[in-house]
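Novice: Shown below is the structure under consideration.
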Amino acid sequence: MTIKSLVSSAALMASIALSPTAAFAQDKEPVRETITPAFAQALPNVPGKTITAIIVDYPPGAKSIPHRHGQAFVVGYVLQGQIRSQVNKGESRVYSAGEHWIEAPGVHHTVSENVSTSAPAKLLAIFVADTQDKNLVIWDKK
């Protein structure tokens, strides 16, 4: 065996030994949020409209798939941790517990994620939508 082939073999073995996680990282499904319904109530002073709330729990490092909320008006209120949010092609911003943002009907929520890789985050999402609109989160197709 020549020095050149010995060095090549050693480099190949080192790359295999050092990168098994990289080879499997693409197969691993990303960490996602958990959504829990909180309440839904018809608005008696606004016929045909309902206010609905969900709790969104983000484990450390979790991200939502980009999505839309149809024609609902949305308020996102951070209950715990820090959440990065971006709608359409606007500025990405980090919101901390006690802060909120709004989403106009029809916008594309392109980023929603827990900023921390070590602590959970929690969000209260409140929707004002047509009462017959039951699909309030429409996930983008991959």
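Laboratory data are not the source of any read-out in this text; all were calculated from the coordinates shown. All values reported here derive from a predicted model rather than from experimental measurement. Note that we place each Cβ from the backbone using ideal geometry, even for glycine, and neighbour counts take in every protein chain shown.
Novice: Filter the GluC sites (Glu not before Pro) in the stretch 60-142 to those in DSSP coil with at most 15 other Cβ atoms within 10 Å of their Cβ, and list the result.
Specialist: Counting only loop positions with at most 15 other Cβ atoms within 10 Å, the GluC sites (Glu not before Pro) in the stretch 60-142 are Glu91, Glu99.
Novice: State the volume of the convex hull built on the alpha-carbon positions of the stretch 51-142, expressed per residue in Å³ and rounded to an integer.
Specialist: 86 Å³
Novice: Further, regarding this structure: For the stretch 24-65, what number results from the quotient of the Cα radius of gyration and 2.2 N^0.38 Å?
Specialist: Dividing the Cα Rg of the stretch 24-65 by 2.2 N^0.38 Å gives 1.81.
Novice: Let me ask something additional. Take the Cα of Ser118, step 7 Å along the line toward its Cβ, and report every residue of the stretch 64-86 whose backbone nitrogen sits under 19 Å from that point.
Specialist: Counting backbone N atoms under 19 Å from the label point, the list is 80-84.
Novice: Give the aspartates and glutamates whose C-alpha is closer than 15 Å to that of Lys89, dropping any in the same chain fewer than 8 places away, or say none.
Specialist: Correct list for Lys89: Glu103.
Novice: What does the charge add up to near Leu123, with Lys and Arg as +1, Asp and Glu as -1, over the other residues with Cβ less than 10 Å from its Cβ?
Specialist: In short, -1.
Novice: On to the next question. Separation between the Asn135 and Val94 pseudo-spin-labels, each 7 Å from Cα along Cα→Cβ, expressed in nm?
Specialist: Label-label distance for Asn135 and Val94, simple model: 3.5 nm.
Novice: Over the stretch 85-142, what is the relative contact order in percent, taking alpha-carbon pairs closer than 8 angstrom and at least six residues apart?
Specialist: 31 percent
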